[in-house]
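First up is the structure itself, then whatever we jot down about it.
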Amino acid sequence: YGERFGFLDNGKDINNLIANLDQSFVISSLVGLLIWLRPLALFLGSFFATSDALYVARFNAQKFKELSQEYLKNPSPSGLIPMVRRLLHARQEDVKGLTDKDIQTSAASNIGAGSDTTAIGLSSVIFYSYRFPETLKKLRQEIQDAGLGSEPSFQDTQKLPYLQAVIKESMRLHPGVGFPLFRIVPKGGAVICGRFFPEGVSCTFITLVQKCADGFTDECWSK
């Protein structure tokens with residue numbers, strides 16, 4: 001939105017946003033697994049229209065309205081351009097299917113999507129890096145040799161293979177997602193690493209790894 005929420009400025013949870021976000025994960029997890037609860041959750045949510053629980057929705061709607069009006073007055077501003085304004089510009093360029101609702105949903109979703117998962121990912125990388133001093137030493141050496149500035153770009157960090165390996169391995173050991181991705185074995189069953197899985201079985205990748213622990217080859221990973 002191009003505006004700070006004020007968490008660091010005030011040193012507190014603004015309108016209990018973090019607390020409510022934490023509680024929302026419990027609700028979304030249940031509704032995501034038990035789809036039939038969704039109508040009930042939406043109905044109960046209507047009773048909290050003025051509470052802190054819907055602070056993000058109200059903030060999002062207000063800022064979208066303000067930025068839309070600003071965009072009409074000045075469609076080509078100078079300086080940094082916030083995400084909502086970029087989407088408003090894309091809509092003006094007749095990007096197929098992009099609506100006001102899409103823009104508001106994308107903006108609001110990025111508030112929740114970048115909270116716990118990002119924090120868990122960063123914590124995991126730091127924890128495992130310091131747990132293994134040799135890894136940390138090698139990682140620091142790669143970064144130093146790369147000669148990156150104080151604010152390296154995303155493209156610059158993508159060129160550091162050891163850094164990328166540390167990030168991916170840390171998130172493999174301690175992922176930030178709440179639930180694994182389930183896989184349904186297709187009709188006729190499937191043979192993976194020499195082990196047969198009957199059709200219709202619902203399993204996770206972890207299950208496959210555990211059952212195929214003996215002789216888990218590169219070919220198995222690709223499957």
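With r defined as the distance between the Cβ atoms of ASN74 and SER109 and R0 fixed at 41 Å, what FRET efficiency is calculated, to the nearest 0.05? It would help to have the intermediate numbers written out before the result.
Details: r = 26 Å, r/R0 = 0.64.
Efficiency, from the Cβ-Cβ distance: 0.95.
Residue by residue through the stretch 136-153, what is 3J(HN,Hα) from phi via Karplus (6.51 cos²θ - 1.76 cosθ + 1.60, θ = phi - 60°)? Round to whole Hz and write x for glycine and proline.
With the stated coefficients, the stretch 136-153 comes to 4, 4, 5, 5, 4, 5, 5, 5, 5, 5, 6, x, 6, x, 6, 10, x, 7 Hz.
Suppose R0 equals 25 Å. What FRET efficiency, 1/(1 + (r/R0)^6) with r the Cβ-Cβ distance, do ASP145 and ILE120 give to the nearest 0.05?
Details: r = 29 Å, r/R0 = 1.16.
It comes to 0.30.
Would you mind computing, in nm to one decimal, how far apart the modelled labels at ILE27 and ALA165 are, each placed 7 Å from Cα along Cα→Cβ?
For ILE27 paired with ALA165, the spin-label model returns 4.5 nm.
Using a Förster distance of 45 angstrom, determine the FRET efficiency expected from the C-beta separation of GLU66 and VAL191, and round it to 0.05.
On the way: r = 58 Å, r/R0 = 1.29.
After rounding to 0.05, the efficiency reads 0.20.
Where does each of 54-60, 127-133, 31-37 land if you order them by average Cβ count within 10 Å, highest first? Walk me through the numbers before you get to the answer.
Values: 54-60: 17.3, 127-133: 12.6, 31-37: 11.0.
Going by the mean number of other Cβ atoms within 10 Å, highest first, we get 54-60, 127-133, 31-37.
Please identify the GluC sites (Glu not before Pro) of the stretch 63-113 that satisfy two criteria: DSSP loop assignment and at most 10 other Cβ atoms within 10 Å. Which are they?
Working: sites: GLU66, GLU70, GLU93; in loops: GLU93.
Hits after loop and neighbour filter: GLU93.
Here, each number is a calculation from the coordinates, and none is a lab measurement. The shown structure was predicted, so the numbers you read here are calculated from the model rather than taken from an experiment. With ideal geometry, Cβ positions are generated from the backbone for all residues, glycine too; neighbour counts draw on all protein chains shown.
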